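Colleague: Before I ask anything, let me first share the structure, which is written out below as structure tokens.
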Amino acid sequence: FVLGFIMSSSKPSLLTTTNALSKGHSNKPINDGPANFFEADPELTKILPPQHPSSTATTTTKGSEFGLLAVTLWPPPLDILREPYNTFLSCVRDCFDKQDILAQPHDVAKDSSSGISPAAAAAVYMYPPECLHVTISTFHPFTKRTTDKSKQAVLMEQWRDILIHASQRPEWPSSRNNKNKLKFRVCGAQIGQKAGILLWEELTGALHDMRSCISRETASRVDSLAKVGIDANTLMIPNIVHSTFLRFHHVPMSKCEDVQAKFSNLVLPHLFSDDMFGSDLVVETDHIRMVCEWTPYMHIPCNDE
């Protein structure tokens with residue numbers, strides 16, 4: 001559902017998150033250094049097309065993945081971001097050996113119609129521009145594997161109500177406190193062990209206020225949530241503002257230190273050039289969405305489901 005300021009909802013990690021009920025959080029981007037090794041993400045097989053030999057989507061039915069999040073910059077404003085983002089990805093690809101970017105012949109399955117081994121997933125998976133988003137908070141992660149439909153319904157009802165009441169708190173950004181839009185500017189990028197992320201600066205402080213309101217509203221309902229079988233500690237709030245752009249299907253053949261050196265030399269110096277994100281590119285939005293993540297990592301359409 002959509003909160004128009006600021007909120008929307010359709011039915012519906014990455015670097016670091018905090019348990020929002022026990023720790024503080026900040027909207028200041030942080031960088032805890034480039035990774036010195038990479039890790040594969042087994043969840044990626046669930047976002048491949050069902051016909052892909054590496055996909056598990058053929059055995060995954062709607063509802064077998066279930067996450068609840070509040071997000072913004074989604075769907076992303078592609079009229080503004082598509083071109084700079086694609087230029088950025090092109091430079092990131094040059095940081096890896098070609099064998100990690102291109103799909104490789106599959107060593108098990110065979111395409112009987114052609115006799116050619118179909119392609120296995122490339123080691124490096126780049127998010128398409130349509131999947132870019134900024135997570136405000138995760139209410140219930142898909143990794144909980146909540147498949148019971150009645151439980152899903154209770155989770156959606158309770159967390160939706162929390163978000164609505166959080167948005168009614170006086171600290172929630174609005175025109176009355178001169179925060180009627182979120183404004184984002186790219187301020188960095190990094191490749192970590194499991195993911196590559198774009199770092200944003202939210203210029204108004206509104207995102208920080210939203211996260212605080214959600215955290216406080218949830219804290220006020222710990223007991224009532226427990227009575228309906230919901231653990232309030234599933235609420236996770238990132239302590240950075242970021243959009244994931246890269247994950248790993250399997251560990252790349254490229255040496256991590258070589259990738260990081262190329263990323264530092266080929267990508268970061270040009271991040272704010274005119275053909276990437278520029279120094280004055282500011283992306284604005286006046287709504288957030290509560291979404292149901294039927295497929296991992298927001299690889300979902302923006303619709304009523």
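The values are calculated or read from the model by the stated rules, or taken from the named source; none is laboratory data. Remember, predicted model here, so these are calculated numbers, not experimental data. Neighbour counts are summed over all protein chains in view; Cβ atoms, including those assigned to glycine, are modelled from backbone coordinates with ideal geometry.
Colleague: Identify, please: which residue in the range 138-151 is over 19 Å from the mean Cα position of the chain (by Cα) and either in a strand (DSSP E or B) or of a type in the set (Lys, Arg) (or both) and is, among those, surrounded by the most Cβ atoms within 10 Å (Cβ to Cβ)? Working first, answer last.
Modeller: To start, the set of residues in the range 138-151 that are over 19 Å from the mean Cα position of the chain (by Cα) comprises 146-151.
Those still in the list that are either in a strand (DSSP E or B) or of a type in the set (Lys, Arg) (or both) too: 149, 151.
Details: LYS149: 10, LYS151: 16.
This residue is LYS151.
Colleague: Which of the residues spanning the range 53-70 are in contact with a strand residue (DSSP E or B) (Cβ under 8 Å, 6 or more places away or on another chain) and either assigned to a helix (DSSP H, G or I) or modelled with pLDDT under 85 (or both)?
Modeller: To start, the set of residues in the range 53-70 that are in contact with a strand residue (DSSP E or B) (Cβ under 8 Å, 6 or more places away or on another chain) comprises 53-54, 66-70.
Residues satisfying the conditions are PRO53, SER54.
Colleague: Kindly establish whether MET253 is modelled with pLDDT under 95 and either out of contact with any Leu (no Cβ under 6 Å at 6 or more places or on another chain) or over 20 Å from ALA189 (Cα atoms) (or both).
Modeller: On the way: modelled with pLDDT under 95: no; either out of contact with any Leu (no Cβ under 6 Å at 6 or more places or on another chain) or over 20 Å from ALA189 (Cα atoms) (or both): yes.
The answer is no for MET253.
Colleague: Restricting attention to the range 162-200, which residues are under 30 Å from SER264 (Cβ atoms) and surrounded by fewer than 16 Cβ atoms within 10 Å (Cβ to Cβ)? Before the answer, list the steps.
Modeller: Pass one, the range 162-200, residues under 30 Å from SER264 (Cβ atoms): 182-200.
Passing the criteria: only GLN193.
Colleague: Here's a check for you: in the range 196-216, which residue that is part of a helix (DSSP H, G or I) and small (Gly, Ala, Ser) is nearest to PHE88 (Cα to Cα)? Give the derivation first.
Modeller: Looking only at the range 196-216, we keep the residues that are part of a helix (DSSP H, G or I), and these are 206-216.
Subsequent filtering for residues that are small (Gly, Ala, Ser) retains 206, 212, 215.
Working: ALA206: 27, SER212: 32, SER215: 34 Å.
Checking each candidate, the answer is ALA206.
Conditions tested, residue by residue: (1) modelled with pLDDT of 95 or more; (2) among the aromatic types (Phe, Trp, Tyr); (3) over 26 Å from THR285 (Cβ atoms).
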{"residue": "THR72", "(1), (2), (3)": "yes, no, no"}
{"residue": "LEU81", "(1), (2), (3)": "yes, no, no"}
{"residue": "CYS95", "(1), (2), (3)": "yes, no, yes"}
{"residue": "LEU102", "(1), (2), (3)": "no, no, yes"}
{"residue": "SER117", "(1), (2), (3)": "no, no, yes"}
{"residue": "VAL124", "(1), (2), (3)": "yes, no, yes"}
{"residue": "VAL134", "(1), (2), (3)": "yes, no, no"}
{"residue": "VAL154", "(1), (2), (3)": "yes, no, yes"}
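Colleague: Additional query: Does THR135 fit the bill of being crowded, with 21+ Cβ neighbours inside 10 Å and among the polar types (S, T, N, Q)?
Modeller: Details: crowded, with 21+ Cβ neighbours inside 10 Å: yes; among the polar types (S, T, N, Q): yes.
Yes.
Colleague: While we're on this one: Please go through the range 156-203 and give me each residue that is modelled with pLDDT under 95, more than 25 Å from LEU68 (Cα to Cα) and among the polar types (S, T, N, Q), ordered by number.
Modeller: Selection gives SER175, ASN177, ASN178.
Colleague: Right, something else. When the residues of the range 256-290 are filtered to those that are touching a Ser or Thr at 6+ places or on another chain (Cβ under 7 Å) and closer than 30 Å to MET210 by Cβ, which remaining residue is modelled with the lowest pLDDT? Break it down stepwise before answering.
Modeller: Of the residues in the range 256-290, the ones touching a Ser or Thr at 6+ places or on another chain (Cβ under 7 Å) are 272, 275-276, 285, 287-290.
Going one step further and asking which of them are closer than 30 Å to MET210 by Cβ, we end up with 272, 276, 285, 287-290.
Working: PHE272: 97, MET276: 96, THR285: 94, HIS287: 90, ILE288: 94, ARG289: 95, MET290: 96.
So the residue we want is HIS287.
Colleague: I would also like to ask the following. Can you list the strands (runs of 3 or more DSSP E) found entirely within the range 242-305 that contain at least 2 residues being closer than 27 Å to ALA121 by Cβ?
Modeller: Values: elements: 242-248, 283-285, 288-292.
Per the criteria, 242-248, 288-292.
Colleague: Something else about it: Which of the residues spanning the range 104-115 are touching a strand residue (DSSP E or B) at 6+ places or on another chain (Cβ under 8 Å) and either at pLDDT 80 or above or assigned to a loop (DSSP other than H, G, I, E, B) (or both)?
Modeller: Narrowing the range 104-115 to residues touching a strand residue (DSSP E or B) at 6+ places or on another chain (Cβ under 8 Å): 104-107.
Matches in the range 104-115: HIS106, ASP107.
Colleague: Right, another one. Which of the residues belonging to the range 152-195 are part of a helix (DSSP H, G or I) and of a type in the set (A, V, I, L, M)? Talk me through it step by step, then tell me what you get.
Modeller: Going residue by residue through the range 152-195, those that are part of a helix (DSSP H, G or I) are 152-167, 175-177.
Within the range 152-195, ALA153, VAL154, LEU155, MET156, ILE162, LEU163, ILE164, ALA166 qualify.
Colleague: To continue, here is another question. Which residues, counting only those in the range 237-267, are among the aliphatic types (A, V, I, L, M) and buried (at least 19 other Cβ atoms within 10 Å of the Cβ)?
Modeller: If we filter the range 237-267 for residues that are among the aliphatic types (A, V, I, L, M), which is where we start, we get 237, 240-241, 246, 251, 253, 259, 261, 266-267.
Result: ILE237, ILE240, VAL241, LEU246, VAL259, VAL267.
Colleague: Quick check on ASN239: is it more than 20 Å from VAL154 (Cβ to Cβ) and not aromatic (Phe, Trp, Tyr)? Show your work before the answer.
Modeller: Working: more than 20 Å from VAL154 (Cβ to Cβ): yes; not aromatic (Phe, Trp, Tyr): yes.
Here the answer is yes, as ASN239 does meet what is asked.
Colleague: Here's a follow-up. Against the condition within 30 Å of ALA153 (Cβ to Cβ) and touching a Lys or Arg at 6+ places or on another chain (Cβ under 6 Å), how does ILE230 come out, does it pass?
Modeller: No, not satisfied.
Colleague: Any residue in the range 228-257 that is more than 15 Å from HIS140 (Cβ to Cβ) sitting within a Cβ distance under 8 Å of a residue that is among the basic types (Lys, Arg)? List the pairs, counting only those 6 or more apart or interchain.
Modeller: ILE240/LYS28; ARG247/LYS194; PHE248/LYS194
Colleague: Let me ask another. Is there a residue being of a type in the set (Asp, Glu) and within 18 Å of the chain's Cα centre (by Cα) anywhere in the range 285-301? First the steps, then the outcome.
Modeller: Step one: list which residues in the range 285-301 are of a type in the set (Asp, Glu), which gives 286, 293.
From what is left, the residues that are within 18 Å of the chain's Cα centre (by Cα) are 293.
Yes.
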